[in-house]
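> Input: one structure, supplied below.
The values are calculated or read from the model by the stated rules, or taken from the named source; none is laboratory data. Note that the structure is a prediction, hence the values are computed from the model and not measured. Cβ placement follows ideal geometry from the backbone for every residue including glycine, while neighbour counts extend to all protein chains displayed. We work out accessible area using only protein heavy atoms, side chains counted, and drop any ligands, DNA or RNA first. Shrake-Rupley method; radii C 1.70, N 1.55, O 1.52, S 1.80 Å.
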Amino acid sequence: MPRPDHIPSSPDTPGTLLQVSPLLPSLESALAERYRTVRLSELPDPAAFLRDHGSDVVAAVTSARTGVSEELMDALPKLGAIIHFGVGYETTNVARARARGIDVSNTPDVLTDCVADLAVGALIDVMRRISAADRYVREGSWSVAPFPLASRVSGKRIGILGLGRIGRAVALRLEGFGVQISYCSRRPVPDVNYTHLPTAEALAEACDALVVTAAGGKDTQGLVSAAVLDALGPQGYLVNVARGSVVDEPALVSAVEAGRIAGAALDVFADEPNVPRALLKSGRVVVLPHIASATRETREAMGDLVLRNVQRFMTEGCLLTPVPETAAR
Ligand code: 8YV
């Protein structure tokens, strides 16, 4: 069958690289220059492509947000690698990929600093009410009355939910604020001096602000429950730079509406880009459009790591930064 116009015939590489979702423009160009790349979302008839050419695809590049669905995996019988742009990969069923012998990679480390920077910025914003104070000045309220007093950050008790690479980078930054740090992770981390607490609820109970840096996925779904928010209490703040799924969002909405927590700074939501109205309306909530890794420097570094993973797979059949062996879904 003749190759349709929308499928590039060069460069000559060992198989087709499927780009599942839109990516950083510089990465898209680099992939297209080096590999026979097909952009699934730009095809007039993706189903026809998968039917007629699915067996040409040897690797898939996708975003953390999109992953590779089980249906798509099933349509690619020769798929050998799924390469994610992003540290998260919960949108791909890794156990199923492994069972098929498909390797999976992500982009760890290169985004840690920027995500931690934003988490600390968001924490200070919600406690000191920086965004709210900015709105206050702009709407002309400063000449009417002074801005209400906010909450001190330095010296407070901060809980970190998920002490992985990003959680540790957040803790390291906060050490400079003289805070007391405690954390909850699947297991105690051996080389830190922070206090380990066994459950999210115990952690929330013991802190003034809870910073969520745990990975998304079914293991952490709804981990920040109504009970955890109640344990945080009316003087407590929630910061989430992880995944919307880690927080029970309806429970958060009702806790914010009832003043059962003091405030929240959220970079991630359950159904992005949709943000519940109650959160948008609350002056106690800082809402951000999932920007924790969104700096030019970090996104370029993520793109570069994706490219190096693709190169490694296409030349040596293995990946540079495979996801941990323990990763399931
Ligand atoms: C990006 C992220 O928004 O790395 C992640 O898991 O959530 C963010 O860095 C994402 O990679 C874009 O798909």
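> What residue, of Asp52, Asp109, is modelled with pLDDT of 95 or more, within 14 Å of the ligand (Cβ to nearest atom) and open to solvent by 60 Å² or more (accessible area, probe 1.4 Å)?
Within the list Asp52, Asp109, the selection yields Asp109.
> Under 15 Å from Gly303 (Cβ atoms) and at pLDDT 95 or above, is that true of Arg34?
yes
> Right, something else. Please name all residue pairs, on different chains or six or more residues apart, with Cβ atoms under 8 Å, provided the first residue is in the stretch 106-127 and is over 17 Å from Ile261 (Cβ atoms) and the second residue is among the basic types (Lys, Arg) and in a helix (DSSP H, G or I).
Cβ pairs passing all conditions: Pro108/Arg165; Asp109/Arg165; Thr112/Arg165; Ala116/Arg173; Asp117/Arg173; Val120/Arg173.
> Any chance you could count how many residues in the stretch 183-216 are in contact (Cβ under 8 Å) with a residue 60 or more places away in the chain and open to solvent by less than 10 Å² (accessible area, probe 1.4 Å)?
Summing the residues that are in contact (Cβ under 8 Å) with a residue 60 or more places away in the chain and open to solvent by less than 10 Å² (accessible area, probe 1.4 Å) in the stretch 183-216 gives 2.
> Another question, if that's okay. Within the group Arg168, Arg157, Arg129, which residue is of a type in the set (Lys, Arg), open to solvent by 50 Å² or more (accessible area, probe 1.4 Å) and more than 30 Å from Leu307 (Cα to Cα)?
Of Arg168, Arg157, Arg129, the one residue that is of a type in the set (Lys, Arg), open to solvent by 50 Å² or more (accessible area, probe 1.4 Å) and more than 30 Å from Leu307 (Cα to Cα) is Arg157.
> Another question about this same structure. Quick one: which of Arg299, Arg284 is in contact with a Gly (Cβ under 7 Å, 6 or more places away or on another chain) and not small (Gly, Ala, Ser)?
Arg284
> Right, here's the next one. Looking at (1) small (Gly, Ala, Ser); (2) within 16 Å of the ligand (Cβ to nearest atom); (3) not in a loop (DSSP other than H, G, I, E, B), which is the only condition Ala278 fails?
Checking Ala278 against (1) small (Gly, Ala, Ser); (2) within 16 Å of the ligand (Cβ to nearest atom); (3) not in a loop (DSSP other than H, G, I, E, B), the one that fails is (2).
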